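Here's the structure we're looking at; comments come further down.
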Amino acid sequence: MNILLTSLVAVETLDDSGAIFGEHYHCPLIVVAYYGYYTAVQLMIELGALPDLGDGEGRNVWFASLQSPLASVTTLRKCDELTAQLLLDRKVVTTSLKVWKGQSKKGSICYMNGDSSVGSVMLRSIINKNVHVLKFLVQSGGSLTDRDYSQLLLSNKTSQLNKMVIKVSNVSNVTSYSEEISWSFPPTWKVAVKLCQNCGLSEEIFDANVIPFLSRDWFYSDSHKCSYLLGPSLGDKFGSCRQQPWMNP
């Protein structure tokens, strides 16, 4: 095991390269995060490994840290939680799209709400009914983005989202806005609310009589098309998807 980790560190810190195994390109930092080796993750980051470089599946270290090698597991393993928390403590994960886009060094920071080839971590936790991961993300400042909600809408899984939100926030009504479920409302909803506040109503009347009735579905229809992926940078060999313009800071 020590020889393996030494080799992985050597490869990762040399040029942040990886290797092809099977049908996919794999990065050492992502591999150790996927298996929950949080001490190895810490060592690699300290030695200069770039956390937002992705593998052939479109994952970066943040995605891998909250995935389990055991497909049947619908809880958050302790080693995975420690790995994800380590990334947060090291400030290599941000909830700010502006911060993520503005990094001068490519791959130096992960966007918490970004996409992989199978959707964001938040989206996957809902689809996989993993309440424990969802709670961790909410407590860490994660949000359900426009793209996540669009994916749920197109896959007819919005009722599943409602059930998950109830478990997380202990509220009975998730079709309209409340402070407890603010995190689950798409950014465009919040922008529209801000714009609507210019209609001349007092803030008290607006908050009490308008906001509660503007549900998520007011912004989306069954024909709504999902926008481009906003995922990790995949490096020169596999192209970069950091520039995808689906949401501006």
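Hey, could you check region 56-114 for residues that are modelled with pLDDT under 85 and in a helix (DSSP H, G or I) and say which is surrounded by the most Cβ atoms within 10 Å (Cβ to Cβ)? That would be LEU97. On the stretch given as region 39-93, residues that are in contact with a strand residue (DSSP E or B) (Cβ under 7 Å, 6 or more places away or on another chain) and polar (S, T, N, Q) total 1. If you go through region 28-48 one residue at a time, do you hit one that is out of contact with any helix residue (DSSP H, G or I) (no Cβ under 7 Å at 6 or more places or on another chain), at pLDDT below 90, in the same structural domain as ARG77 (by TED's automatic domain parsing) and within 17 Å of SER108 (Cβ to Cβ)? No: zero hits.
The values are calculated or read from the model by the stated rules, or taken from the named source; none is laboratory data. All values reported here derive from a predicted model rather than from experimental measurement. Note that each Cβ is placed from the backbone with ideal geometry, even for glycine, and that neighbours are counted across all protein chains shown.
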